[in-house]
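What follows is calculated from the coordinates using simple rules that are stated; it is not laboratory data. Since the structure is predicted, the reported quantities are computational estimates derived from the model, not experimental observations. Don't worry about glycine lacking a Cβ; one is built from the backbone with ideal geometry, like all the others, and counts go over all protein chains shown.
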Amino acid sequence: MSRIFTREVRIADVTALGILQRNVTFFASTTIFILAGLLTVLGATDQVVQLTNTLPFIVENTRASWEVKLLVLIFIFVYAFFKFAWSVRQYNFAIVLLGAAPSNDASETEKSIFVVNANEVLTRANNSFAHGLRAYSFAMAVLGWFIHPILFAGCALWIVLVLHRREFHSNTLDALQAAGLLKPKQ
């Protein structure tokens, strides 16, 4: 963020944030479609239970168990939507902050305050987006529950392991740390 002071024209910075914001907006709007589909299926529970109970590889479901599973998925996607929507708002704030960034000849105190606060807004926007993406990951595990509870447990464990590896032991993380964009592992 402190490198912004070396650039007179900051259009590239604002454009990069705009691209990030559009990616988050895509997920937010996709989540709305998923929720609409889940609510539709919830409204047709009897037909869906009859259909799935005829499939040999799916554990037989009652109407109540099917609805609980759907409600869990709906809750997960509502959570994801709110995380994505909040991330979009925070990216909006970050874009405004970049537009209001102090000039290169501003005092070091003013620049320092800007850097700390702009980084905070961007970190929160990124974290909200990451939480929304994690919700999608765990929704995939819940899909396994519709087939069999053991598959659900296995999928949930697998997703935890995959997310742990990606967030704490990935080559991407190592590269970001080597580039000085993230703090090194403790």
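Looking at L182, L157, which is the one that is within 20 Å of V72 (Cα to Cα) and free of Cβ contacts under 8 Å to residues at least 12 places away in the same chain?
L157
Could you figure out which of (1) more than 18 Å from the chain's Cα centre (by Cα); (2) within 22 Å of F82 (Cβ to Cβ); (3) among the hydrophobic types (A, V, I, L, M, F, W, C); (4) surrounded by fewer than 16 Cβ atoms within 10 Å (Cβ to Cβ) isn't true of I95?
For I95, the failing item is (4).
N104 - would you say it is of a type outside the set (D, E), touching a residue at least 12 places away in the same chain (Cβ under 8 Å) and surrounded by fewer than 16 Cβ atoms within 10 Å (Cβ to Cβ)?
It is true that N104 is of a type outside the set (D, E), touching a residue at least 12 places away in the same chain (Cβ under 8 Å) and surrounded by fewer than 16 Cβ atoms within 10 Å (Cβ to Cβ).
From V162, V121, grab the single residue that is within 19 Å of the chain's Cα centre (by Cα) and surrounded by fewer than 13 Cβ atoms within 10 Å (Cβ to Cβ).
V162
In region 165-186, which residues are loosely packed, with under 12 Cβ neighbours inside 10 Å and assigned to a helix (DSSP H, G or I)?
Scanning region 165-186 gives R165, F168, N171, T172, A175, A178.
How about region 82-110: which of its residues are farther than 12 Å from N126 by Cα and of a type in the set (S, T, Y)?
Listed by number, the residues that qualify are S103, S107, T109.
Quick check on this structure: which one of V115, V78 is under 17 Å from the mean Cα position of the chain (by Cα) and in contact (Cβ under 8 Å) with a residue 40 or more places away in the chain?
After applying the criteria, what remains is V78.
Any residue at all in region 47-60 that's within 26 Å of the chain's Cα centre (by Cα) and either loosely packed, with under 14 Cβ neighbours inside 10 Å or within 18 Å of G132 (Cα to Cα) (or both)?
no
Can you tell me which of G132, G154 is surrounded by 12 or more Cβ atoms within 10 Å (Cβ to Cβ), on the phi < 0 side of the Ramachandran plot and under 21 Å from the mean Cα position of the chain (by Cα)?
G132
For region 14-25, check the following and say yes or no: at least one residue is under 16 Å from F146 (Cβ atoms) and of a type outside the set (A, V, I, L, M, F, W, C).
Keep residues of region 14-25 that are under 16 Å from F146 (Cβ atoms), which gives none.
No.
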